[in-house]
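Comments concern the structure below.
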Amino acid sequence: MENYDLLIKSGRVLDSESGSDRVADVAVSGGLIDRIEPDIDPALADDVIDASGHWVIPGMIDTHVHVAGARDLGGTHGLGLQMVAAAGATTVLDLGGSMGSLTAGISAGGSGVNVGSLGYLRPGETVPEGRLDTSQIREVIGTALDAGMLGVKLLGGYYPFTPEETSEFISSANDMGAYIAYHIGTTETGSRLDGVRELPALLGSTGRVHVAHINAYCRGSILPVEEEIREALQILEDLRDQIVSEVHLARPNFTRGKSDADGNVEADVCRNCLRLKDYEPTADGIRAALRDGYASTVEQTRTGLVLVTGERGVELFDEGDGDLPLSFPVNNATSAFQLTAARNQSDEFIIDAIGSDAGLLPRNVNIEQAMRLVKFGALEPLDMVLKLSLNPARMLGLVSKGRLSEGNDADLTLIDPAGGRASYGIVAGRVIMMAGRVVGRGGTILTTEQGQTAVTATGIPFQTVDIAQAMMYAGRG
Ligand SMILES: [Zn+2]
């Protein structure tokens, strides 16, 4: 008699690769999906989850998170890993961290999720100061791969390089078999539509890149939002064989509230958010916006960072001397929605995935927001699974994830359609999250062959990824 480690009974099983959408039982053994049948005897399984009324999808893969502490949010190690698991992710790609903080996070607060990481490129920190030549650029990428990372992340919106250097980072990463993600912007353009317009020149006819959060460049700073969306989509479509991309669906943005000696807010983004609702761009303006519930800051709780506003927000703001994260509900819903739903003439999605740009930021809303789009009718359930699971797996070259069929990894996310949230997270057949409560520990690092030595030394389990299989290199298939 066969014996299964886990049986998920009577869920609505959705697999975008095969187009299958049916109520069935999913039996798991040895970390893999063993059988999918209409009725499997629960007596054959060590553990049974009753998934009646729930959706069962391939584990949600978030290709844009921040869990490895590149940004100073004051959270403790591993907190971001807890937060992504609570939201239903089973695999994440950290877009700009360090291997040190990632391994510390997995050891101290790992939630059982699989994590790949890209090294962030910051002059004076991970990259030499001054104009970089090709050999320096190759050395930076080689160092990231040697450390166990999947590649590198260009943070053009924060630490822009010249167009020549940006182009060189991309072609060198391509050459060296590294993953490369790009937050748009060079010394000549910004984190805006003009940066998107620069893509054809930066990539030439051969460059391949993952362009992060397309919606961030369609906020209406150059043209009306609708026109920016149309133009960005056209550029992405023209470069379809060279670019993979994602959009995030979160309403809150994140910026910093630091003021200078005269009480004037320093960050451009923060000043704009305040002016948008007629608040002074000063520390007092921030206090007023916090009191009114327009601005929020973050506070650490046992389970993660949460947004806090009102008097408690003002208290935290004053305790932190103003130098702490601030959030405003300003992200453009029109661009997030239209970019997510946009299709080309062959009826294929132009933008591959939904990625949260969250992790430690309290806006891990991929599933919640995608379920709203499904209810609204903008996405079919299998489209949602394509954007949350299958395409992200393809983007990372994870050939046995993102697919809910026999023989693939038993990474699964269960969704309660009534609540519109993830109800279970399962990695390699083990439950890591139940009803928002994270029960997983540790984690698995996704690395390349080149990073195996370094990752072995950490003692953390790892899985080797062949970046040549990643969508930006292998194509959409
Ligand atoms: Zn990001």
(request) Would you kindly give the portion of the calculated P(r) for region 255-327 that falls above 17 Å, as a percent of all Cα pairs? (result) 32 percent
(request) Find out how many positive minus negative residues lie around ARG251, taking Lys and Arg as positive, Asp and Glu as negative, among other residues whose Cβ is under 15 Å from that of ARG251. (result) +2
(message) How high is the relative contact order of the chain? Use alpha-carbon pairs under 8 Å, at least six apart in sequence, and give a whole percent.
(response) 22 percent
(message) Quick check for me: using +1 on Lys/Arg Cβ and -1 on Asp/Glu Cβ, what's the dipole size of region 255-327 about its Cα centre, in debye to the nearest 20?
(response) 360 debye
(request) Select from region 315-390 those GluC sites (Glu not before Pro) which occupy a DSSP coil region and have at most 14 other Cβ atoms within 10 Å, ordered by residue number. (result) GLU348
(request) For region 7-100, calculate the relative contact order in percent as a whole number, restricting contacts to Cα pairs under 8 Å that are 6 or more residues apart. (result) 27 percent
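Skip the ligands, DNA and RNA, and give the accessible area per residue of the chain with a 1.4 Å probe, whole Å².
Dividing the accessible area of the chain by its residue count gives 39 Å².
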(request) For the chain, build the charge dipole from Cβ charges (+1 Lys, Arg; -1 Asp, Glu) around the Cα centre, then report which of ASN272, GLY119, VAL140 sits farthest towards its positive end. (result) ASN272
(request) Name the residue farthest towards the positive end of the dipole of the chain from the options THR456, LEU373, ALA341, assuming +1 on Cβ of Lys and Arg, -1 on Cβ of Asp and Glu, about the Cα centre. (result) LEU373
(message) Can you give me the C-alpha center-to-center distance between region 48-66 and region 71-125, rounded to a whole angstrom?
(response) 20 Å
(request) Using a 1.4 angstrom probe on the protein heavy atoms only, line up ASP416, ASP175, ASP25 by accessible area, largest first. (result) ASP175, ASP416, ASP25
(request) Using a/c under 1.5 as the rounded threshold, could you call region 388-439 rounded, prolate or oblate? The axes a ≥ b ≥ c are square roots of the C-alpha gyration tensor eigenvalues, and prolate needs a/b larger than b/c, oblate otherwise. (result) prolate
(request) Output ³J(HN,Hα) for region 26-35: one whole-Hz value per residue in order, computed from phi by the Karplus curve 6.51 cos²θ - 1.76 cosθ + 1.60 with θ = phi - 60°, and x for Gly and Pro. (result) 10, 9, 10, 8, x, x, 10, 6, 8, 8
(request) Counting helices only, and only those DSSP H runs with n ≥ 4, report the 222 nm mean residue ellipticity of the chain as the sum of -39,500 (n - 2.57) divided by its residues, in deg cm²/dmol to the nearest 500. (result) -8000 deg cm²/dmol
(request) Quick one: pull the percent of accessible area on region 255-327 belonging to carbon and sulfur, 1.4 Å probe, ligands and nucleic acids left out. (result) 45 percent
(message) Per-residue counts of other Cβ atoms within 10 Å, averaged by peptide: what ranking do you get for 241-251, 131-141, highest first?
(response) 241-251, 131-141
(message) Highest mean first, how do 420-432, 350-362 rank when packing is the count of other Cβ atoms within 10 Å averaged over residues?
(response) 350-362, 420-432
(message) Using +1 at the C-beta of Lys and Arg and -1 at the C-beta of Asp and Glu, which of GLY320, VAL298, ALA283 has the Cα lying farthest in the positive direction of the dipole of region 255-327?
(response) VAL298
(request) Grab the alpha carbons of the chain, take their convex hull, and tell me the volume per residue in Å³. (result) 142 Å³
(request) Please give the peptides 321-327, 387-393, 296-302 ranked by average Cβ packing (other Cβ atoms within 10 Å per residue), highest first, as a rough proxy for protection. (result) 387-393, 321-327, 296-302
(message) Report the Cα centroid-to-centroid distance between region 221-250 and region 408-477 in angstrom, as an integer.
(response) 28 Å
(request) Just tell me which lysines come within less than 19 Å, Cα to Cα, of LYS375; anything on the same chain fewer than 8 places away is out. (result) LYS387
(message) Can you compute the charge dipole magnitude of the chain about its Cα centre, using +1 on each Lys and Arg Cβ and -1 on each Asp and Glu Cβ, nothing else charged? Give it in debye, rounded to the nearest 20.
(response) 540 debye
(request) Compute the signed sum of charges (Lys and Arg +1, Asp and Glu -1) over the other residues within less than 13 Å, Cβ to Cβ, of GLY53. (result) 0
(request) Could you tell me the accessible area of PHE254 in Å² (1.4 Å probe, neighbours in place), rounded to the nearest ten? (result) 30 Å²
(request) Sequence neighbours fewer than 8 away in the same chain don't count; with that in mind, list the lysines whose C-alpha is under 30 Å from LYS277. (result) LYS258
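The values are calculated or read from the model by the stated rules, or taken from the named source; none is laboratory data. These numbers were taken from a predicted model, which means no experiment stands behind them. As a convention, Cβ positions derive from the backbone with ideal geometry for all residues, glycine included, and neighbour counts pool all protein chains shown. Only protein heavy atoms, including side chains, enter the accessible area calculation; ligands, DNA and RNA are left aside. Shrake-Rupley method; radii C 1.70, N 1.55, O 1.52, S 1.80 Å.
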